[in-house]
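Undergrad: Quick one: the structure is below, and I'll ask about it shortly.
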């Protein structure tokens, strides 16, 4: 039971299956008109979200590569990788045949792979003496690989990008003598690298590549002057510019990483003082960690308070932006497309980061008699932010085309879905469980919409359905009073279920709950994302895991 993407069909984005031999790889061969079609998609999509190239200079570069009456342009690593991610995004809009072979070969997630391959070939000679262009190509390569579901390759490429950025000195404040436009470009490149590294590391539980204390470069600017650099055509609207999203995203990521780092440092201290390897068997340690996280969260409230009104995603029925009240969103159809998307993306990333910060408190096996109210509130908060993410993306996909083809936000939807499923399994009887369970059904619908564009989303829908079937069995069992091996108690008026102390399909013996506790970690790591069949093989074979 696995979300099967192109990473399961191909060894890498340049592999070929049932096509031509490896030694006879076709060269990219689009006409100029075709290339310009995909490049036009780029300016209001990836460029608006990751503003790391000079629009005017890039247009001149692309024009210079077409010489005379030639049918095809000269190779360029930067042009090739931008075309690759633009095709990956744009091909999701093209109607295709429904045959399985057509789906495998034409899946949008690996569209443009020949351009990606040529880019990597051209980059090979630049690694010893990298340039700004080398870094730009690496960052766009990360986008391509991540959206194609080659998560480990994306993380490795991101590590190389971080190394290149430091080699170029981008983590340091540019000299005063440098032209302002060039200084802003260097800042955008550094913070784009930092943001990608931070989001990825926090999601999969890997160390950040650089510490904040090593960074002296100032934040990027998003004023009218900065927005007009390099011949940008996007401009401003409603008091914000097309750079405001990048600026606010940077501030949000910094606030989140500061909380993340402080939290895990404090948890390590607490566990060290009490000689525990994990807080889940020691309620006092878990509650102490939870209270510390609570003390850090005002930083995120401070961030939401300073977000300009023009960047806020408004709600119907008097709902509040950045809340978990799940009121329907109100999309301003008069705003430019880039701003409509920025408002949605910023709130989705906020809910993702909030959910992930609270996720450690989803506890599958609290000891009998455990009372950890702060930790339990964090678990509910994790699920509520994941549900808020799901409701926003579901409504957006149902009512508009704004997020069609955005594989990155499918990946974050999978993250939210795993968080919700983990909560339902850990807390089958909780005031929030019913609404979270309904949100999982909406997540399946989100996957099915994305599934018409790329294969891994369709497979994610199947995985989610199978997992929720198991969760529903557990809840039905509890409702009918059949506990079959689970211990049920009452904590502060709320029934709490402990699953464990039994031999199960995971072979964990007395501590059978470890299989459930590892579910979240396995499901969210990059390595397991490439091989979910191994992850869920025992769950498929038997429902005994939950005593059903």
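The values are calculated or read from the model by the stated rules, or taken from the named source; none is laboratory data. Owing to the predicted nature of the structure, the values given are computational and were not obtained by experimental measurement. All Cβ positions, even for glycine, are placed from backbone atoms using ideal geometry, and neighbour counts span all protein chains on display.
Condition check ((1) surrounded by 19 or more Cβ atoms within 10 Å (Cβ to Cβ); (2) without any contact (Cβ under 8 Å) to a residue 40 or more places away in the chain) across all residues:
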{"residue": "208", "(1), (2)": "no, no"}
{"residue": "226", "(1), (2)": "yes, no"}
{"residue": "238", "(1), (2)": "no, no"}
{"residue": "279", "(1), (2)": "yes, yes"}
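Results for (1) over 28 Å from the mean Cα position of the chain (by Cα); (2) at pLDDT below 95; (3) assigned by TED's automatic domain parsing to the domain that holds residue 344, shown as yes or no for each residue.
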| site | (1), (2), (3) |
| --- | --- |
| 231 | yes, yes, no |
| 234 | no, yes, no |
| 245 | no, no, no |
| 280 | no, yes, no |
| 308 | no, no, no |
| 319 | no, yes, no |
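Undergrad: Let me spell it out: the conditions are (1) over 19 Å from residue 432 (Cβ atoms); (2) part of a helix (DSSP H, G or I), and residue 388 meets all of them except one. Which number is the exception?
TA: Every listed condition holds for residue 388 apart from (1).
Undergrad: Now a separate question. List the pairs whose first member sits in region 393-420 and is within 20 Å of residue 379 (Cβ to Cβ), whose second member is outside any helix (DSSP H, G or I), and whose Cβ atoms are under 8 Å apart, counting only residues at least 6 apart or on separate chains?
TA: Hits for this filter: 414/3; 419/362.
Undergrad: State whether the residues of region 195-218 include one that is assigned to a helix (DSSP H, G or I), farther than 25 Å from residue 350 by Cα and touching a helix residue (DSSP H, G or I) at 6+ places or on another chain (Cβ under 8 Å).
TA: no
Undergrad: From the list 487, 513, which residue is at pLDDT below 75 and within 31 Å of the chain's Cα centre (by Cα)?
TA: Values: 487 fails: within 31 Å of the chain's Cα centre (by Cα).
Every option except 513 fails the conditions.
Undergrad: The conditions are (1) within 26 Å of the chain's Cα centre (by Cα); (2) surrounded by fewer than 17 Cβ atoms within 10 Å (Cβ to Cβ); (3) farther than 19 Å from residue 409 by Cβ, and residue 273 fails exactly one of them. Which is it?
TA: Failed condition: (1).
Undergrad: Yes or no: residue 221 part of a loop (DSSP other than H, G, I, E, B), within 16 Å of the chain's Cα centre (by Cα) and in contact (Cβ under 8 Å) with a residue 12 or more places away in the chain? Spell out how you get there, then give the answer.
TA: Numbers: part of a loop (DSSP other than H, G, I, E, B): yes; within 16 Å of the chain's Cα centre (by Cα): no; in contact (Cβ under 8 Å) with a residue 12 or more places away in the chain: yes.
Considered against the rule, which asks whether it is part of a loop (DSSP other than H, G, I, E, B), within 16 Å of the chain's Cα centre (by Cα) and in contact (Cβ under 8 Å) with a residue 12 or more places away in the chain, residue 221 comes out as no.
Undergrad: I need the full set of residues from region 164-179 which are within 12 Å of residue 138 (Cβ to Cβ) and either without any contact (Cβ under 8 Å) to a residue 24 or more places away in the chain or in contact with a helix residue (DSSP H, G or I) (Cβ under 6 Å, 6 or more places away or on another chain) (or both), in order please. Explain how you work it out, then say what you get.
TA: Restricting attention to region 164-179, the residues satisfying the condition of being within 12 Å of residue 138 (Cβ to Cβ) are 164-165, 167-168.
Across region 164-179, the qualifying residues are 164, 165.
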